[in-house]
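The values are calculated or read from the model by the stated rules, or taken from the named source; none is laboratory data. Treat the numbers as computed from the prediction; the structure is a model and nothing was measured. Backbone-built Cβ (ideal geometry, glycine too); neighbour counts: all protein chains shown.
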Amino acid sequence: MGTVLLYRNVVDYEADVDYLEKIFRRYGVSPTSILDLGCGTGNHDFLLAHRGYQVTGVDRSPEMLSIARKKAGRGEPRPRFVLAGMESFRLPQTFDAAICMFGGFGYLRRSEAARCFRSVRSHLAPRGPFVFEYWQTTAVRPGIQSWLDCTSEGLQVLRFSEGTFGRRRSILAIDFHFLVVRGRRVVDRFTERHAIRTYMRQEMGSLLRESGLSLAGEFAGTPPGRRGFTRVTASTFRIMAVARRGES
């Protein structure tokens, strides 16, 4: 519950969807159907559905999808949610565009990422864009610590994070320590460990080509760059990438 509250209150999902539409316009596409990989509880998907898109969200977590399915109000546009991994999904249709927001792609190891790209290619319409975020190896700063703090529904959620980096495998291990406070009383505390695969830009380009996709563009994925098309440098940590499949 704490993590859901935290991300719901610190992430501007509406701005993310605005940005996705800017990317679609920049690359000359007007998608009707969108595939969302690692959709979680569907926050992006419901906003996209309200804007008229036909959305299918894929996630490997039954708990996340259960929350997502309960969000739909009567008479409101409903995304379709499918329980599957990003690297192994198979659906009976193709899509005009695909997305993978936040750091979800980084949970895949390199061989899984290659399978994910191949699956995306087989589910994209010709020239369809795949918009995804990845974290750049050259911008990793091991040992960096940070705080997040939000209050909602009478609860205060605090998150302290610290990371270590394994250079041989390009794995950033982040420990998130959570405190959930009601009034002056701590009602919950827990720790999550996340292991994220980072990439050099050249490595990402090669991986896409090997999987039958081409890199169409990359932009700084951290606000305020996420609102526009800021050039990527070696110090850009979060990169928004746009890949495309060919005509065939």
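Considered as a group, the residues in the range 53-109 that are acidic (Asp, Glu) and not in a helix (DSSP H, G or I) include one that is nearest to the chain's Cα centre (by Cα), and that residue is 59.
Taken together, the residues in the range 120-140 that are more than 11 Å from residue 213 (Cβ to Cβ) and under 17 Å from the mean Cα position of the chain (by Cα) amount to 5. In the set (1) in contact (Cβ under 8 Å) with a residue 12 or more places away in the chain; (2) in a helix (DSSP H, G or I), the condition left unmet by residue 36 is number (2). Note on the range 133-185: residues that are part of a loop (DSSP other than H, G, I, E, B) and over 18 Å from residue 235 (Cα atoms) amount to 6. For residue 177, the criteria (1) surrounded by fewer than 18 Cβ atoms within 10 Å (Cβ to Cβ); (2) modelled with pLDDT of 90 or more; (3) not basic (Lys, Arg) hold in every case but one, which is (2).
Quick check: is even one residue across the range 12-19 among the hydrophobic types (A, V, I, L, M, F, W, C), in a helix (DSSP H, G or I), at negative phi and out of contact with any Cys (no Cβ under 6 Å at 6 or more places or on another chain)? Quick ask: steps written out before the conclusion?
So the first thing to find is which residues in the range 12-19 are among the hydrophobic types (A, V, I, L, M, F, W, C), and the list is 15, 17.
Subsequent filtering for residues that are in a helix (DSSP H, G or I) retains 15, 17.
Pick out the ones that are also at negative phi and you get 15, 17.
Filter again for out of contact with any Cys (no Cβ under 6 Å at 6 or more places or on another chain), leaving 15, 17.
Within the range 12-19, one or more residues are among the hydrophobic types (A, V, I, L, M, F, W, C), in a helix (DSSP H, G or I), at negative phi and out of contact with any Cys (no Cβ under 6 Å at 6 or more places or on another chain).
Report whether or not residue 169 is in contact with a Leu (Cβ under 6 Å, 6 or more places away or on another chain), within 24 Å of residue 100 (Cβ to Cβ) and at pLDDT below 95.
Details: in contact with a Leu (Cβ under 6 Å, 6 or more places away or on another chain): no; within 24 Å of residue 100 (Cβ to Cβ): yes; at pLDDT below 95: yes.
In short, no.
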